[in-house]
1. With (1) open to solvent by less than 10 Å² (accessible area, probe 1.4 Å); (2) away from chain A (no Cβ under 14 Å); (3) within 30 Å of residue A:160 (Cα to Cα) as the list, and residue B:215 as the residue in question, which single condition is left unmet?
2. Quick one: residue A:115 ticks every box in (1) surrounded by 20 or more Cβ atoms within 10 Å (Cβ to Cβ); (2) hydrophobic (A, V, I, L, M, F, W, C); (3) over 20 Å from residue B:207 (Cβ atoms) except a single one, so which number is it?
3. Checking residue A:146 against (1) closer than 30 Å to residue A:237 by Cα; (2) in contact with a Lys or Arg (Cβ under 9 Å, 6 or more places away or on another chain): exactly one of these is not met. Which one?
4. Here is a list: B:169, B:180, B:155, B:164. Which entry is more than 10 Å from every other protein chain (Cβ to nearest Cβ) and not in a helix (DSSP H, G or I)?
5. What are the pairs with Cβ atoms under 7 angstrom where one residue, in the range A:180-209, is within 14 Å of chain B (Cβ to nearest Cβ) and free of Cβ contacts under 8 Å to residues at least 60 places away in the same chain and the other, located anywhere, is within 16 Å of ligand 1 (Cβ to nearest atom) and open to solvent by less than 40 Å² (accessible area, probe 1.4 Å)? Sequence gap at least six, or different chains.
6. Name the residue, out of A:189, A:170, A:133, that is under 15 Å from the mean Cα position of the chain (by Cα) and surrounded by 22 or more Cβ atoms within 10 Å (Cβ to Cβ).
7. With the structure loaded, tell me whether residue B:117 is surrounded by 15 or more Cβ atoms within 10 Å (Cβ to Cβ) and among the charged types (D, E, K, R) or whether it fails that test.
8. Which residues, taken from the range B:249-270, are under 13 Å from residue B:230 (Cα atoms) and in a loop (DSSP other than H, G, I, E, B)?
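The values are calculated or read from the model by the stated rules, or taken from the named source; none is laboratory data. From a predicted model like this one, the values you see are computed outputs, not experimental measurements. Heads up, the Cβs are rebuilt from the backbone with ideal geometry, glycines too, and the neighbour counts pull from every protein chain shown. Please note that ligands, DNA and RNA were not included when accessible areas were found on the heavy atoms of the full protein model with its side chains. Shrake-Rupley method; radii C 1.70, N 1.55, O 1.52, S 1.80 Å.
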Amino acid sequence: MDKKIEVNKFDFYYGDFQALIDLNFPIIKNQITALIGPSGCGKSTFLRAINRMNDTISIARADGEILLDGKNVYDQDVDVSELRQRVGMVFQRPNPFPQSVFDNVAYGPRVLGTATKHELPDVVEKSLRGAALWDEVKDKLKSSALDLNPGQQQRMCIARAIAVQPEVILMDEPCSALDPIATLHVEDLMRELSKDYTIVIVTHSMQQAARASDWTGFFWLGKLVEFGGTHELFTNPKQELTEAYITGRQG
Amino acid sequence: MTAQQGVPSPLPVDEAPPRPKREIVIEAFIRVAGVSTIIIIILIFAFLLKEGLPAFFKVSITGLLARRWYPIEDMFGLLPLLVGSLLVTVGAVVIAVPLGLTTAVFLGELAPPWLREILKPVIEVLAGIPSIVLGFLGWVVLAPAIQNMGAPTGLTAFTGSLILAYMALPTIISITEDALYAVPKEYRDGSLALGATHWQTIYKVVLPAARSGIVIAIMLGIGRAIGETMAVMLVTGNAANIPSLSDGLYFQPVRTLTATIAAEMGEVASGSLHYNVLFAIGIVLFVITFLINSLATWIIGGNGGRRRGGQI
Ligand SMILES: Nc1ncnc2c1ncn2[C@@H]1O[C@H](COP(=O)(O)OP(=O)(O)OP(=O)(O)O)[C@@H](O)[C@H]1O
Ligand SMILES: [Mg+2]
């Protein structure tokens, strides 16, 4: 089992407020890692630290290392644009651009220049197939992405993310705006995607973490309380706090 | 319209409680205001048609499209005036739109917050400068400067374009910046997370998403400028001639449609042919404005930036 990402003594601050405290854990390649924990414990902050989306917040500051294939993403010589291409992200609320389905999925390859004009239709089709959406939208590639239902929009955002051929996909509560059936769709899709990609998902649903992930990390007030195999963590938690949280007595 | 108060309510009395008197009065007032506004607009238009339409028959379309405007000898060719308006307005658009958009992008996306806090109110104050003051500045400062550059006179189409552009700029900048601000953060995040740079994000996501707001900004800015008459009259030299390409298109005096009405309306005898033709010019202006508005609606209504984001 290869480590795709290694987190070493990682701290994160918003101004004087320390949002993440001394994180140390691995993220295993081609597997699904779920992060759980109560609201405000720093799950999103950690996710956005990996692809450096927090750079846009002026008061934010990181300390320690997040190694992607052994290379610290906070090193001086890291090209943030290239980093974000390698580490894609799917957001809590589906965020299609107000453009056509095709233009949405083609957006990444276009701006990054990873596909020529002739290759684009193929890339778009492959990405939409990869996101299990092709059959539903193949006849409306030219219509606005805003006309899709939320579940389809979220899968289109996943297609948009995989169109730039990332290595890691970060998902921040990707199902919170979806109904149960669309949620199952996305979970099946994650399982499928984990063959080719390393996936990190933040979720508020214990069931989802238990169902859909291989590894689980439990965050509490900026600290990683427990990390382990999902089955192990849910059936035999080592920390009392973890047990209290997953059984619903805490949080 | 107080009679309306006596009209029985259409709802069964035992279901709806009696409506407070205040509400009935307010509603009646709003209705009167709304209806009378529409009536006034219709009356204005009817008056314009009544006074202007005869000109189209008496002078004939070919007469109106002739190249010479010389009312004293009953020569009513509108072409020089049309060309004058076109030159001045197109010049203003060409100057104001790129300048306004880039300034708005700088303010909204690139400038540090403290600079934006200073510049935004300053620009809004500029929008409040009375246009005649700008015309005066154009006459005293701009025209001599342009003459120094080698034009035979400083009162030219170009001078008019500059003044109009300056008048349109604050509106374009301020409303475009609002439209950029209204673009949801999720769009930017989505683009950045794919590896797009800040600039690519602005260019490919933020600007298109704000498109309808930007079109409105341009329309309002240019609208303010087109309707403006006096300032333009001061600086364009007011010669009803068609500038020739060979003599430097933009560096010759012109006269606009609006300036013609303003300059001559005071001197014509009511009901004379000249008088009718001035109203006909009003109709022409009306049609032009209508076409431009339709164009803008069409641009805004196209697919893309609808429903979410960017609209104001
Ligand atoms: N831009 C910011 N500036 C300042 N503080 C922030 C910022 N974003 C988040 N925080 C703070 O950092 C802490 C962690 O927030 P974060 O969004 O990472 O939590 P979360 O675990 O994702 O919560 P949720 O489950 O509600 O999404 C919170 O206390 C939050 O108030
Ligand atoms: Mg969160």
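1. Only one criterion is unmet by residue B:215, namely (1).
2. With respect to (1) surrounded by 20 or more Cβ atoms within 10 Å (Cβ to Cβ); (2) hydrophobic (A, V, I, L, M, F, W, C); (3) over 20 Å from residue B:207 (Cβ atoms), residue A:115 is out only on (1).
3. Status for residue A:146: all satisfied but (1).
4. One residue alone meets the criteria, B:155.
5. From residues that are within 14 Å of chain B (Cβ to nearest Cβ) and free of Cβ contacts under 8 Å to residues at least 60 places away in the same chain, there are no pairs.
6. A:170
7. No: the conditions fail for residue B:117.
8. B:255, B:256
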